[in-house]
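Here, each number is a calculation from the coordinates, and none is a lab measurement. A quick note: this is a predicted structure, and the numbers were derived from the prediction, not measured. Cβ atoms come from the backbone with ideal geometry, glycine included; neighbour counts cover every protein chain shown.
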Amino acid sequence: MFSTVDSPSARLLRLTLVTADGEARVDVPAQLTQLAMEARTAPTSARLHGIATTLARGRWVPQELTTTVQRYMQLAQNGNAHQRPPDDSLRFLMIRLGLLRMLSDHERAPAPPVHILSARVELWREEFDAHTRTIVVRCIDTATASAPQWDERK
Amino acid sequence: VIAIDDQKALALVLLLTLILLLLHPDPFWAVKVPVTVLTIAGFAHEPLRRTSYFWFVIGVFLLAGAFARWYTTDNHRYLMGYWCIALSLSLGSTEPPAALRNNARWLIALCFVIATARKLASPDFLDGSFFHHVLLTDARFDKLTAFAGVTPEMRESNLKAVRALVQYASPLTSVHLRDTTAIPPLATALTWWTIAIESLLTVAFVVPNHWPVGRYRDLVLIVFSATTYAVAPVVGFGWTLLVMGFVQAENRGVWLRWAYIGAFALLEFYLLPWQLLIDHAHRG
């Protein structure tokens, strides 16, 4: 209500996937945009846990790095735009950089999904110190969810 | 000057509300499309816009859209919905002009009671931090901060700082913003001006009509709109308040309702790209 620094736009979510290859910070997937906005507007443990559970249950693959022209050429040749999966070293790097994408429910995986162990969601809140002109963020709530067994998910 | 009596004011406020709905529509398609269609129908057919049901349907669309997307809805979207329901109830009453005046007055009063209470209860508003933060991070205040010496480079630096902090993979827990020595006093001035004018508005709309401060409520509302929306151009909000102010003004003065109409135009005038025009004039 234009009366305090603490507003939905001053709250942020930091999402972490714990994988077999280490932790990866990821962006909010498109499927969770609404739930993420709800969690920022009216934060509750249930909402954060809901996001963590969806992240942990999701199938994650490295993002496809391609140009528009390459994508067109692949579509023209094969009728599908999926590129060759990245090799192991690039895949490892992409996981560490969080360059991952959560597949939608019925989407075919273009590469082997990343082995997710658990997901962590942190809600951070901005505060402004007018004397030092500094915006500080503090973690005010966390939720964690374990992934289902790898075999179950496959 | 031709006085705008209550009957003329009633006819005009229906048109002004339709203009408000067309110029500042809810961006959500499920609200925007039906409300725009209804609005056009209301313009085309006067008897339709004078019916209670017409405004009830528009109000339901506005409020359903606002509540369905509560996590992203701006405050004034609710107010616009309440206003259309108030129009509906007033048009269905035995004395529409009087009912409308009452509803408009108390909607404005409630708005400012809640807004003022929330500000007075907020420590970071009272100590000036809120406006200091807003001046450095909210692009809507760029024109104002330019007068306080904030350069485009400083704005860019602040924008990048905030983006770096909120980027999904950011390891940062703090960032430093750049400002000038004029920003803290400007933030303090804005804080106390806002508290003063909103408190005055609250009192002016709550006290009985014949009290001295009650007699000047229109002047206070017009000054509030002319100053607030010059700085923060949330024109849809300003228009909603002015529509309600216009109809509750009664016949306190021949000029009064014309002053409201002038204020509508002023708010649109604020949307001109002033910085661009000034730069253009400087370049000759």
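Straight Cα distances below 17 angstrom link residue B:32 to the aspartates and glutamates B:74, with same-chain residues fewer than 8 positions distant left out.
Determine how many Å³ per residue the convex hull of the Cα atoms of the stretch B:1-57 encloses. Numbers along the way, then the final one.
On the way: hull volume 4.9 nm³, N = 57.
Enclosed volume per residue, from the Cα hull, is 86 Å³.
Extents of chain A, largest first, come to 58, 37, 27 Å (Cα atoms, principal axes, whole angstrom).
Can you give the average number of partner chain beta-carbon atoms within 10 Å of each beta-carbon in peptide A:133-146, as a whole number?
On the way: counts 12, 5, 14, 5, 7, 2, 1, 0, 0, 0, 0, 0, 0, 0.
Other-chain Cβ atoms within 10 Å of each residue's Cβ, averaged: 3.
With the helix formula -39500 (n - 2.57) applied to DSSP H stretches of n ≥ 4, chain A reaches a computed 222 nm mean residue ellipticity of -8500 deg cm²/dmol.
Using only alpha-carbon positions, what ratio does the radius of gyration of chain B give when scaled by 2.2 N^0.38 Å? Please list the in-between numbers first.
On the way: Rg = 20.9 Å, N = 284, 2.2 N^0.38 = 18.8 Å.
Expressed relative to 2.2 N^0.38 Å, the Cα Rg reads 1.11.
Rounded to the nearest 20 debye, the dipole size of the protein assembly as shown about its Cα centre is 340 debye, using +1 on the Cβ of Lys and Arg and -1 on the Cβ of Asp and Glu.
Couplings 3J(HN,Hα) for the stretch B:263-273, derived from phi with the Karplus relation 6.51 cos²θ - 1.76 cosθ + 1.60 (θ = phi - 60°), are 5, 4, 5, 4, 4, 5, 4, 4, 7, 4, x Hz, where x marks Gly and Pro.
Suppose every Lys and Arg Cβ carries +1 and every Asp and Glu Cβ carries -1, with no other charges. What dipole size does chain A come out with about its Cα centre, to the nearest 20 debye?
On the way: 19 positive and 17 negative charges, 36 e Å.
The calculation lands at about 180 debye.
Coordinate range of the alpha-carbon atoms in the stretch B:191-237 per principal axis, descending: 33, 22, 13 Å. Under a 5 Å amide H cut-off, with hydrogens placed 1.01 Å from N, residue B:150 pairs with nothing among residues at least 5 apart or on other chains.
Quickly estimate the mean residue ellipticity at 222 nm for chain B, helices only: each DSSP H run with n ≥ 4 gives -39500 (n - 2.57), and the total goes over all residues, rounded to 500. Can you show the working numbers first?
Details: 16 runs with 212 residues, N = 284.
Calculated at 222 nm, the ellipticity per residue is -24000 deg cm²/dmol.
What is the mean number of Cβ atoms from other protein chains located within 10 Å of the Cβ atom of each residue in peptide A:11-19, rounded to a whole number? Spell out each step's value before the answer.
On the way: counts 1, 5, 2, 6, 2, 1, 0, 0, 0.
Partner-chain Cβ atoms within 10 Å, mean over residues of A:11-19: 2.
For the protein assembly as shown, with the dipole built from +1 on Lys and Arg beta-carbon atoms and -1 on Asp and Glu ones, taken about the Cα centre, which of B:38, B:100, B:164 lies farthest toward the positive end? Farthest towards the positive end: B:38.
Considering only the other residues whose Cβ falls under 10 Å of the Cβ of residue A:61, what net charge follows from Lys and Arg at +1 and Asp and Glu at -1?
Details: positive: A:59, A:91, A:101; negative: A:64, A:107.
For residues surrounding residue A:61, the net value is +1.
If you count, for every residue in B:109-122, the Cβ atoms of partner chains within 10 Å of its Cβ, what is the mean? All intermediate terms of the calculation are to be shown ahead of the outcome.
Details: counts 0, 0, 0, 0, 0, 2, 3, 1, 2, 4, 4, 1, 2, 6.
Other-chain Cβ atoms within 10 Å of each residue's Cβ, averaged: 2.
In this entry, the protein assembly as shown is assigned a mean projected area of 28.2 nm², taken as a quarter of its C-alpha convex hull surface.
Evaluated with a Cβ-only charge set (Lys, Arg +1; Asp, Glu -1), the stretch B:138-233 carries a dipole of roughly 60 debye about its Cα centre, given to the nearest 20.
Lys and Arg at +1, Asp and Glu at -1: add these up for the other residues within a Cβ distance under 12 Å of residue B:194 and post the number. Write down the numbers at each step before the final one.
Working: positive: B:118, B:119; negative: B:198.
Computed value for this residue: +1.
Projecting the Cα atoms of B:180, B:10, B:129 onto the charge dipole of the protein assembly as shown, computed from C-beta unit charges around the Cα centre, puts B:10 farthest toward the positive end. In terms of the mean number of neighbouring beta-carbon atoms within 10 Å, the peptides A:100-111, B:2-13 order highest first as B:2-13, A:100-111.
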